[in-house]
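We did not get these values from a lab; they are worked out from the coordinates using the rules stated. Predicted model only: the values in this text are computed from it and were never measured. As a convention, Cβ positions derive from the backbone with ideal geometry for all residues, glycine included, and neighbour counts pool all protein chains shown.
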2 protein chains.
Amino acid sequence: MPISAYDAGVARAATTSDVFNAIAEPQRRQILVLLRAGERPVTEVAQELGMTQPGASKHLRVLREVGLVRDRRVGKQRMYGLDARGLRPVHEWIGGFERFWNGSFDRLDAYVQDLKQARQEE
Amino acid sequence: MPISAYDAGVARAATTSDVFNAIAEPQRRQILVLLRAGERPVTEVAQELGMTQPGASKHLRVLREVGLVRDRRVGKQRMYGLDARGLRPVHEWIGGFERFWNGSFDRLDAYVQDLKQARQEE
DNA sequence: GCATCATATGCCGATATCGGCATGCGTCAA
DNA sequence: TTGACGCATGCCGATATCGGCATATGATGC
């Protein structure tokens, strides 16, 4: 939240409209996975994932606002489709940790290695 | 939430203790990045990132509970270090969308391509 | 216009979350 | 043991979140 906004209490800072937050919701992740197979109208999304129509609609809205999903009208229906480009920054951010989950590049990892050895040596 | 648990109202489902949720918080992401450079005691984390000591401690707790961070005691201090292995599943999940942000593998992407062409043809 | 289908939105209750503050607990040194 | 330091925890206020329900909005066809 760039604008100063609180006099007291504060509460959570800048969660909204953030891709990381959008994919933090299990159901929203399910929607994204589902849409990999192709566009779908809201009702179909809801049915296939066992959620209510308003529920699906709300989650799709969040995904739309962060740009992970696009919609287009087809008659009365609204087809929702994946736009995964927004996931790329996330993938890259996490990729910055890639070397830390294999090798021994930081001190903690070394420490963990030590623990393992210590256990084996029991 | 595998266990049925609500009679009314329901509210948010299963956010807690989930890696996706842990990295949804900007400050926690900062902590992870900082710890890439090596272990640090709580106070140092707080100082370097401009947060209060209890604030840092709480975020570190969340990260610890999802296994992204490990701690070990060193005298009075508690050194926190990165354990990035928990990020791997996230990386892989997102990797499942990789082909969707380059090529034209799904219908929406094709639709987007069409839009671009249509614009160029104006 | 009117009825109908498809979707979005508003409201509510329950809960989760975050920051700030004060305080508790654990460890070390004297 | 006592004091000091480092960190964790508890409580609070403000707010965000999610699901369910009812309803508003939008588009279509008659």
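For A:Arg36, go 7 angstrom from Cα along the Cα-to-Cβ vector, then report the distances to that same point in the other copies in nm, smallest first.
2.5
Find every distance from the label point of B:Gly96 to the corresponding label point in the other copies (7 Å from Cα along Cα→Cβ) and write them in nm, one decimal, shortest first.
For B:Gly96, the other copies' label points sit at 2.5 nm, shortest first.
What is the sum of charges around A:Leu68, taking Lys and Arg as +1, Asp and Glu as -1, for the other residues whose C-beta is under 12 Å from the C-beta of A:Leu68?
+3
Per residue of B:35-45, what is the mean number of Cβ atoms on other protein chains within 10 angstrom of that residue's Cβ? Write out the running numbers ahead of the final one.
On the way: counts 5, 6, 2, 3, 5, 1, 0, 0, 0, 0, 0.
Average per residue, whole number: 2.
Given label points at 7 Å from Cα along Cα→Cβ, what nm distances, shortest first, separate B:Gly67 from the same residue in every other copy?
With the label placed 7 Å along Cα→Cβ, B:Gly67 yields 3.3 nm.
If packing is taken as the average number of other Cβ atoms within 10 Å across a peptide's residues, how do B:19-25, B:34-40 rank, most packed first?
In decreasing order of mean packing, B:19-25, B:34-40 become B:19-25, B:34-40.
What residue of chain B sits with its beta carbon nearest the rotation axis taking B to A, and at what distance in whole Å?
Per the B/A rotation axis, the closest residue of B reads B:Ala24, 2.
To the nearest whole number, what is the average tally of beta carbon atoms from other chains within 10 Å of the beta carbons of peptide A:62-74? Please report the intermediate quantities before stating the final value.
Working: counts 0, 0, 0, 0, 0, 0, 1, 1, 5, 1, 4, 0, 0.
The per-residue average across the peptide is 1.
Inside 10 Å of the C-beta atoms of A:84-93, what's the mean count of C-beta atoms belonging to other chains?
Mean shielding by partner chains, rounded to a whole number: 6.
Residues with amide H under 5 Å of B:Arg78's amide H, sequence separation 5 or more or different chain, H placed in the peptide plane at 1.01 Å from N; which?
Long-range HN contacts for B:Arg78: B:Val42.
Net charge near B:Thr43, counting Lys/Arg +1 and Asp/Glu -1 over other residues with Cβ under 11 Å of its Cβ? Write down the numbers at each step before the final one.
Working: positive: B:Arg40, B:Lys76, B:Arg78; negative: B:Glu44, B:Glu48.
Once all neighbours under 11 Å are counted, the net charge is +1.
Compute the signed sum of charges (Lys and Arg +1, Asp and Glu -1) over the other residues within less than 12 Å, Cβ to Cβ, of B:Arg29.
Working: positive: B:Arg28, B:Arg36; negative: A:Asp18, B:Glu25.
So the environment of B:Arg29 carries a net charge of 0.
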